[in-house]
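K.L.:
I am attaching a structure below and will ask some questions about it afterwards.
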Amino acid sequence: MRYIFVHGLGQSSSSWEKTISCIDDTTQISNPDLFDLLQDKKPTYNNLYTAFSKYIEEYFEPVVLIGLSLGAVLALNYTIDHPSRVGSLILIAPQYKMPKILLKVQNTIFRFMPESPFQKLGSSKNDFILLSSSMMELDFSNDLKKVQCKTLVLCGEYDKVNKRASEKLAEQIPAAEIRTIMGVGHEVNMEAPEKLVSILNDFLRKH
């Protein structure tokens, strides 16, 4: 089984380092940098999803997808399209129907930010805005029953923006369970890597 950790928007592959460092055996773990997968293509969601799908197809074994935020959206999308390829699915702070108002507010904030934080993530401010804008029409509501693998939905106690969506998502996926990670916000992989690994190990041992 190949374990693929997928980071969120505003993160990079290094955002998983603390989490992965808490795992005993890392030989079957991958954590791609999403913007690197795009290569020279425009940073739209469709291009990113296509590149992400091709990345997964490089592995012949079944995969376990662990995605946070944007990474959770990609992982959910891939599982809907390729249910037989995914052994287990872990979605952290997920959305299945994009909150348009939230994305618009986020883009407004991006526009007033300096360029340097985006460059540190290997991208640009305009790339982030384009990617966010291209996600606004995403809605997987009618496809959630296609997810047949065991699914764990996680959300930080203080992540108010994604808590309700996480609960509703878990209700609609046939084999899903939900857990709240106490004492943390949105970036669970950065804020509480040891707690996260403990929960992942417990879930994966059972499945």
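K.L.:
At 1.4 Å probe radius, can you tell me the per residue accessible area of the chain in Å²?
P.N.:
Details: 10060 Å² over 207 residues.
With the other protein chains kept in place, the chain gives 49 Å² per residue.
K.L.:
Please report the net charge: other residues with Cβ closer than 9 Å to the Cβ of Val188, K and R +1, D and E -1. Please report the intermediate quantities before stating the final value.
P.N.:
Working: positive: Lys195; negative: Asp159, Glu187, Glu191.
Cβ neighbours under 9 Å give a net charge of -2.
K.L.:
How do the peptides 28-40, 61-73 rank, highest first, by the average count of neighbouring beta carbon atoms within 10 Å per residue?
P.N.:
Values: 28-40: 16.3, 61-73: 23.8.
Ranked from most to least packed, the peptides come out as 61-73, 28-40.
K.L.:
Between Ile101 and Met182, 0.36 nm times their residue separation minus their Cα-Cα distance comes to what? Let's see the in-between values first.
P.N.:
Working: separation 81, 0.36 × 81 = 29.16 nm, distance 2.70 nm.
Difference between extended and current length: 26.5 nm.
K.L.:
Rounded to a whole number, what % of the accessible area of the stretch 1-159 do carbon and sulfur atoms account for, probe 1.4 Å?
P.N.:
Working: 3810 of 7400 Å².
Carbon with sulfur: 51 percent of the solvent-accessible area.
K.L.:
Any idea what the relative contact order of the stretch 65-207 is, in percent, if you count C-alpha pairs under 8 Å spaced at least 6 apart?
P.N.:
Details: 217 pairs, mean separation 34.6, N = 143.
About 24 percent, as a whole number.
K.L.:
For the stretch 124-207, calculate the relative contact order in percent as a whole number, restricting contacts to Cα pairs under 8 Å that are 6 or more residues apart. Let's see the in-between values first.
P.N.:
Working: 83 pairs, mean separation 22.5, N = 84.
Reported as a whole number, the value is 27 percent.
The values are calculated or read from the model by the stated rules, or taken from the named source; none is laboratory data. On a predicted model such as this, the values are computed, not experimentally measured, just so you know. Cβ: placed from backbone, ideal geometry, glycine included. Neighbour counts: every protein chain shown. Quick note on the areas: whole protein, heavy atoms, side chains included, nothing else; ligands and nucleic acids left out. Shrake-Rupley method; radii C 1.70, N 1.55, O 1.52, S 1.80 Å.
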